[in-house]
Each structure stands twice: as C-alpha cells, then as structure tokens.
1. So which of K12/K521; K464/K553; K245/K356 end up more than 20 Å apart by C-alpha?
2. Name the residue from L184, P232, Y145 whose Cα lies farthest towards the positive end of the charge dipole of the stretch 114-243, charges +1 on Cβ of Lys and Arg and -1 on Cβ of Asp and Glu.
3. If R₀ is 30 angstrom, what is the calculated FRET efficiency for the pair E481 and A587, using the beta carbon separation as r and rounding to 0.05?
4. In the chain, what percent of the accessible surface is made up of carbon and sulfur (1.4 Å probe, ligands and nucleic acids excluded)?
5. Which semi-axis lengths, in whole Å and largest first, follow from the square roots of five times the eigenvalues of the Cα gyration tensor of the chain?
6. Sum up the charges of everything whose Cβ sits under 15 Å from the Cβ of Y354, counting Lys and Arg as +1 and Asp and Glu as -1, but leave Y354 out.
7. Using a simple charge model, +1 on the beta-carbon of Lys and Arg, -1 on the beta-carbon of Asp and Glu, nothing else, what dipole does the stretch 459-597 show about its Cα centre, in debye to the nearest 20?
8. Over the alpha carbons of the stretch 114-243, what is the largest minus smallest coordinate on each principal axis, giving the biggest first in Å?
Amino acid sequence: MGKMLPEEFIEKVQHAVDIVDVVSEYVQLKKQGRNFFGLCPFHGENTPSFSVSPEKQIFHCFGCGSGGNVFTFLMQIEGCSFTEAVQMTAKKAGLDIPGGSALSQESTYPNNSEAEKMIKVHELLKKMYHHLLLNTKEGQNALNYLLHRGFTKELIDQFEIGYALDSWDFSLKYLLKKGFELPLLEKTGLIIRSESNGSFFDRFRNRIMFPVKDAQGRTVAFSGRSLGNKQPKYLNSPETKIFNKGRILYNFHQARPFIRRKQEAVLFEGFADVISSVHAGIEHSVATMGTALTEEQVKLLARSGGTVVICYDSDSAGIEAAFRASKLLVEAGCNVRIAKMPEGLDPDDYIRTYGKEKFKNDVIGASLSLMAFKMEYFRKGKNLQDEGDRARYIQEVLNELSSLPSGIEQELYITQLSEEFSVLKETLMAELRNINKRKRRRPEKTSLKTDALQRNALMPAYQKAERLLIAHMLKSREVAEKVLHAIGGNFNVEEHRAISSYLYAYYEEGNDPDISHFLTKLKDPSLSRIVSEIAMMTIGEQLTEQELQDYVKHILNHQKMLILKEKEAEKKEAEKRKDYVKAAEIAMEVIQLKKGLM
C-alpha cells in the first residue's frame with residue numbers, strides 16, 4: 001500500500017487540470033450550453049447522457065448514475081486506486097509527486113495482497129524470460145526463429161517477448177528462491193500440480209513467451225508458442241484472480257494513446273497479428289484473447305476511439321466473427337469498418353508475404369464500410385439467379401439500409417441494387433419507406449437523460465426540496481449555515497442526512513465552496529453519485545428567504561405527516577378495541593399536529 005498523499009497536494013493537483021480535458025482523452029465530448037455531453041464510457045448507450053461541467057469540475061451520467069470529480073472518473077475508467085488517480089492527474093499537469101516514485105507503487109488491489117503478489121510473480125517471470133531469450137545460449141534457437149520470422153530486436157524489446165527453458169521446474173525453483181509460496185504459485189496458473197504424484201512443475205516449457213498485460217500495462221498472463229511440433233501450438237495462462245480473457249485486449253495499454261490520437265482502433269483476432277501490424281506502423285492495433293469480442297472489450301474500444309476497423313481472417317469463421325463483433329460495436333456507438341483479407345491469409349502471413357506498405361494501403365486503408373461488408377455478407381448461401389433468393393437478399397439489404405442515418409448513403413446503395421438486379425429505384429425507395437413506417441409504429445425508447453428528468457419530476461415534494469437545498473448548500477457556505485440552524489441534520493432521506501453532515505464538516509474546516517474538492521471528502525461512491533447528480537441540477541444564482549422557508553416547510557412537514565399517519569392509525573386501533581377514551585386523547589393529539597403543519 002502506498003503512502004498517503006498530502007491533502008494540500010491533492011487539492012493542488014485538482015486545480016491544475018480541467019476535467020473536460022481529462023475526460024476528452026477517453027470520451028468524445030460536444031459542447032451543449034454550459035456543459036459538455038458524450039456517450040457514457042461506463043454503460044452502453046446510443047444517445048449521449050454523460051455530462052461534464054467545466055464550471056463545477058464534475059461529471060454525471062443521467063443514465064447509469066455514475067458521477068464525481070476528475071479523480072473519481074480516472075478511478076472508474078482505469079480501474080485504479082484513489083492515490084493512483086491523483087498520481088495520473090499530477091503527471092498530466094506536470095506536477096512532481098511528493099516522496100518520488102515510492103508513491104507510485106500502490107496497487108489497484110489495496111486490500112488483496114494475494115493479487116498483488118500474483119502480479120509480482122508475472123512481472124518477475126516476464127523479465128526472466130526476456131533475459132533468457134536475449135542473453136543466453138539456451139534462448140538462441142528461439143531468438144533465431146523470431147529474427148527469421150521478421151521480428152527485430154526493437155520489436156522484441158517493445159513487447160518484452162521472452163523464452164521459457166525446456167525444463168520442468170526452472171521457473172518453479174526461481175520463484176521459490178524469490179520467497180513465493182507454492183499455494184500462491186499454483187493459483188497463478190504458471191505452476192501446475194501433478195495429478196499422479198502431487199509434485200509441481202512449470203506450465204510453460206520450451207516456448208517463446210508473449211506477456212499479456214492489462215489496461216495499466218501490468219503483466220497478468222502469458223501466451224507461449226511452442227518451438228518444434230509440440231502441441232498445442234499456443235498455450236495460454238488459465239483465467240485467474242488477475243486475468244480474465246474477456247476483459248483484456250492485447251496491446252491496449254500501448255495502443256491507447258495512438259487510438260485516441262487517430263480516433264480509430266484496428267481490431268485483430270490474435271496477438272501475432274497485432275505485433276506484425278505494429279511492426280508495419282499500425283500502432284493503434286489491439287486483439288481479443290482467442291475468444292469472441294465481449295461487451296467489456298467493446299466498452300474499452302468505444303470510450304477510446306470513434307472508429308473500429310475489424311481485420312479478422314477471411315475464412316467463414318472469421319467473417320461470422322466480424323459480423324457478430326460489428327453488431328456489438330455499433331450498439332456501443334462505434335463507427336465500424338471491415339478490412340478484407342485475401343482468402344487463405346491471416347494478417348501476419350500477408351505482411352510477411354507482401355510487405356508493410358501493401359498491408360497498410362491495400363488492406364487497412366481500403367477497408368469497407370460496414371454496409372458494403374453486410375451487402376457481401378448477405379450474399380452468402382444464396383443463389384442470386386434464383387428469384388426467391390434474390391428477393392430475400394434485396395429485403396435484407398433494405399432492412400439494413402433503413403438504419404443508415406444518411407439519406408445520401410441510402411440512395412447510393414439503392415442505386416447499386418437497382419443497377420445490379422434491374423429493379424426500379426422508385427420501387428426500392430417505396431419499400432424502404434414502408435420499412436421506415438413500420439419501424440416508426442414501434443414505441444420509441446425515451447432517452448436516459450429524459451428518464452432521469454422524469455424521475456426527478458416525480459419525486460415527492462419533500463425529497464425534491466431536500467435536493468434543492470443541498471444544491472444551494474454546495475454553492476454557498478452562508479446557505480449551509482442557515483440550513484444548519486433551520487433543520488440541522490433532520491433530512492428525511494438517509495443519504496441526504498449523510499451528505500449534509502459531510503458538508504457541514506467541510507465548511508467547518510474552513511473550506512470554500514468547491515464541489516469537486518468536496519467530492520474528495522466522500523468515501524462512499526453512492527454518495528458521490530448523488531452529489532454529482534444534485535450538483536448538475538439547474539438552480540437560481542441566489543436562494544431567497546421565501547424559497548428557503550418553502551423548502552424547510554416541505555422537509556419538516558413530511559416528518560410531521562409521518563407522525564400524523566401513525567397517530568391516526570393508533571386512533572383507529574383504539575376505536576376497534578372500543579377504547580373510546582384513548583381514541584379521544586389521540587384525536588386531540590391529531591388536531592394539535594394538524595395545527596402545527598405550516
């Protein structure tokens with residue numbers, strides 16, 4: 001666990017950056033009024049409901065409720081600790097961290113020493129494997145193989161490729177000497193227990209080792225390629241506490257700045273394709289980990305760049321995988337293009353056969369629009385000389401065309417269909433209009449932001465009053481003092497009571513109104529989300545005395561109404577028991593309570 005950062009430094013870092021600049025590195029933002037809006041990086045959506053306020057230095061999503069300041073945003077999007085988020089922000093601001101690099105060692109797993117140790121094991125083995133490949137006679141064959149395949153020393157260093165010795169226990173002995181215990185090593189999946197005699201041995205032997213890193217660049221797994229005819233050709237680490245194949249994109253930590261710069265990512269099926277592609281100068285390349293594209297991986301891509309170029313194998317399985325992946329990416333708001341590979345070649349083979357420039361220009365540079373790819377895809381399995389197949393094909397294409405936002409694009413593809421199948425353009429356009437009419441009859445989903453506004457509108461008066469009071473308290477110490485004297489901590493909603501207590505203490509410490517700074521005081525993420533939502537409410541510049549009295553009245557009256565309901569229930573119960581004296585006493589209390597309602 002890292003040292004605590006000084007409070008003064010945290011505040012200095014916070015004021016040294018603009019949250020809009022930081023968020024813009026991950027989300028495409030557009031200015032609307034006083035705030036910036038974009039697609040939320042924390043949940044899938046097609047309509048922007050993610051808002052960033054430069055004035056308040058906070059963010060809030062009206063859909064999923066995520067919210068907070070610049071540190072909260074980095075913690076959520078990078079999966080890092082608070083201290084790491086402060087350090088990352090300081091680096092962006094060009095500020096030196098007090099205490100130097102020792103602080104940067106805090107793990108993302110602050111309460112999980114086992115996970116921390118597992119990462120240390122992987123980092124140690126990565127360095128050891130890399131050394132064995134480059135500096136030992138045992139690794140010379142593996143090095144020669146890589147150089148023969150077109151790998152350069154620079155590429156080997158960049159991806160920290162290594163070599164696992166042809167030994168049953170070299171890694172095991174090395175890690176035991178470093179002080180790691182067998183149960184932990186077994187959990188990493190790097191060491192295996194024999195089922196026959198219970199002894200332990202290395203998972204990876206006589207293999208070229210490719211480290212697999214998470215989004216923060218930490219080694220969490222390996223993929224080993226066999227030398228010779230040993231099967232399987234590629235052997236991967238099993239899933240562990242620190243490694244989940246569906247959540248990691250190979251090379252994402254290195255590709256991310258290039259993806260953001262180009263607003264484009266190139267997606268491959270395997271890490272060998274990525275390494276070859278990076279060698280060809282396509283540095284914004286990533287790959288799935290031998291599985292179908294997952295929603296978690298889609299989120300990584302959607303929040304990093306606007307366009308994803310899918311470059312999968314050209315066989316039937318690759319085409320089907322590209323079609324499925326494109327659907328997920330479009331749903332997440334990405335613009336999708338498809339790079340077509342010649343039959344029988346994967347990207348790695350193509351680059352070695354035809355060279356880097358041809359791959360960049362004739363494959364990636366000549367990628368198809370998603371609609372053009374789908375038109376080819378829908379031809380599969382159809383005999384377009386057959387009238388029935390031809391009609392089905394045209395109908396499938398028209399259904400897809402109806403989803404295109406551009407009328408120009410629609411007309412372009414309609415013209416292609418008309419010319420290829422000798423069908424009048426007017427007929428095709430009429431059918432397209434019919435499809436659009438049918439779609440319009442379906443009930444439309446309201447936007448998440450609209451839903452949030454409707455939820456606020458339907459809040460009980462006392463709850464809305466509490467939120468409006470807190471919104472003014474966040475902006476003014478004087479208002480907070482007036483509320484303290486009027487109702488203290490007697491808010492009806494438990495979360496509002498907690499927030500008001502934190503706010504009273506915040507001002508008591510001598511702090512000035514600063515929503516972003518106040519959020520650093522809240523340790524409960526649920527409270528941070530509520531504060532960010534309240535802070536995004538539209539309120540007047542000043543709170544008048546009449547407004548203050550009205551809000552206080554709604555809050556205190558609700559408490560009295562709860563007591564009143566209890567008393568009326570007690571009165572009815574007394575009447576049921578025929579205890580009329582008790583019922584009369586309660587009736588007098590009810591009258592007094594009603595008089596007390598302002």
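The values are calculated or read from the model by the stated rules, or taken from the named source; none is laboratory data. Predicted, not measured: the structure shown is a model, and the values here were computed from it. Methodologically, a virtual Cβ is constructed for each residue, glycine included, from the backbone with ideal geometry; neighbour enumeration extends over all protein chains shown. Ligands, DNA and RNA are stripped out before the accessible areas are found, and what is left, the full protein with its side chains, is counted by its heavy atoms. Shrake-Rupley method; radii C 1.70, N 1.55, O 1.52, S 1.80 Å.
1. Values: K12/K521 15 Å; K464/K553 12 Å; K245/K356 29 Å.
Among K12/K521; K464/K553; K245/K356, the Cα-Cα distance tops 20 Å for K245/K356.
2. Y145
3. Details: r = 40 Å, r/R0 = 1.33.
Once the sixth-power term is evaluated, E becomes 0.15.
4. On the way: 15190 of 30150 Å².
Ligands and nucleic acids excluded, carbon and sulfur give 50 percent.
5. Numbers: eigenvalues 574, 280, 109 Å².
Taking √(5λ) for each Cα gyration eigenvalue gives 54, 37, 23 Å.
6. Values: positive: K340, R352, K356, K358, K360; negative: D273, E343, D346, D348, D349, E357, D362.
Combined, the nearby Lys, Arg, Asp and Glu give -2.
7. Numbers: 21 positive and 23 negative charges, 146 e Å.
The dipole of the stretch 459-597 has a size of about 700 debye.
8. On the principal axes, the stretch 114-243 reaches 39, 36, 26 Å in Cα extent.
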